[in-house]
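Below is one structure, written out as structure tokens; the observations come after it.
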Amino acid sequence: MKKILMFTYSMVAYLIAFASILFWIASVGNLIPAIGIDQEPQMSFLWALANNVLLISLFGVQHSVMARKWFKELFARYFPKPIERSTFVLVSGLLLFNMVYNWQPIGGQLWQVAPNSILFYVLYALFFTGWAILFISSFLINHFDLFGLRQTFLELMGKPYTQLQFRVTLFYKHVRHPLYFGMLLGMWATPTMTVTHLVFAIAITAYVIIGTLFEEKDLVNEFGETYKAYQAKKPMLIPFTKWRKGAKQGPVLTKELK
């Protein structure tokens, strides 16, 4: 019964997290006007900015703290280890929904591309391409391990958990963190750039850069020289920005840490 409850818990966490990501995409892309990020301001600029900084800070701190090894070890003292990842996913999903839902419009418009123009469709194509890269990258890693389902399913089946392995595959041949690259592309490729959207994009970019630097340290600690060799050959976030003539293809890490 305990194993069934853990797997059910991981399923609920997965569905909440996945729904929050879809909500985020629909909001920043103004795909559903009623929940679009570019609404009319409801409070003063300073209060709206303070609110938004608090929201992104909560999201960023949670990711940084719960991803650390010491937190995982502390969690395992009091709760079943197989649900650690699902708990991270659940809290992340709730905080992401909270951040997007409560993000306060600031007003002001930096650019507006004419609807039905070529550039309008190009930007939306880049927008959807970015989010597609994010989702595809999660499957290249192992989508169900990343979202905590594999851990509780193996426990349910009575099988030991095994770490994911290095392998050369698709986007990881060109950038170390394609999942984050896709996220950034989805945030910045927009035909309508308001001050609200700009602040959101800058905040997410700062979070990604800081979080990725922490992840890089964890990856070096876990995989040592193998990951250092990969770092030397492939850029961290932007594809095709690091070139080494005559360099052989190095191994690609398909396990993206939290």
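The values are calculated or read from the model by the stated rules, or taken from the named source; none is laboratory data. All figures in this text were calculated on a predicted structure; none of them were measured in a lab. Note: ideal-geometry Cβ built from the backbone for every residue, glycine included; neighbour counts use all protein chains shown. Ligands, DNA and RNA are stripped out before the accessible areas are found, and what is left, the full protein with its side chains, is counted by its heavy atoms. Shrake-Rupley method; radii C 1.70, N 1.55, O 1.52, S 1.80 Å.
For the options Ile210, Ile136, Ile16, a Gaussian network treatment of the chain with springs between C-alpha atoms closer than 10 Å singles out Ile210 as fluctuating the most. The alpha carbon centroids of the range 39-62 and the range 126-177 are separated by 31 Å. When each of the peptides 196-207, 44-55 is scored by the mean number of other C-beta atoms lying within 10 Å of its residues, the order from highest to lowest reads 196-207, 44-55. Once the Cα atoms of helix 2-28 and of the chain are each reduced to a long axis, what angle between those two axes, in degrees from 0 to 90 to the nearest 10, is obtained? In the chain, helix 2-28 runs at an angle near 20 degrees to the longest axis. Split the accessible area of the range 122-171 by element, probe 1.4 Å, and carbon with sulfur accounts for 71%. Based on protein heavy atoms only, the range 84-155 ends up with 45 Å² per residue of surface accessible to a 1.4 Å probe. With a Förster radius of 22 Å applied to the beta-carbon distance between Phe214 and Phe79, the computed FRET efficiency rounds to 0.45. For helix 69-78, report the angle its Cα long axis makes with the longest principal axis of the Cα atoms of the chain; keep it between 0 and 90° and round to the nearest 10°. Taking the Cα atoms of the chain, the angle to 69-78 is about 70 degrees.
Helical runs (DSSP H, four residues minimum) scored at -39500 (n - 2.57) apiece and divided by the length of the chain put the mean residue ellipticity at 222 nm at -21000 deg cm²/dmol.
In this structure, the residue pairs whose Cα-Cα separation is over 31 Å, taken from Lys2/Lys228; Lys3/Lys228; Lys72/Lys234; Lys81/Lys217; Lys3/Lys217; Lys159/Lys234, are Lys2/Lys228; Lys3/Lys228; Lys3/Lys217; Lys159/Lys234.
Taking the chain as a Gaussian network, Cα atoms linked when under 10 Å apart, which of Phe88, Phe223, Phe128 shows the biggest mean-square fluctuation? Among Phe88, Phe223, Phe128, the largest mean-square fluctuation in the Gaussian network model of the chain belongs to Phe223. Within the listed set Glu216, Glu155, Glu73, the Gaussian network model of the chain (springs between alpha-carbon atoms below 10 Å) gives the highest mean-square fluctuation for Glu73.
Close amide H pairs (under 5 Å, H built 1.01 Å from N) link Gln109 with Val195, residues at least 5 positions away or on another chain.
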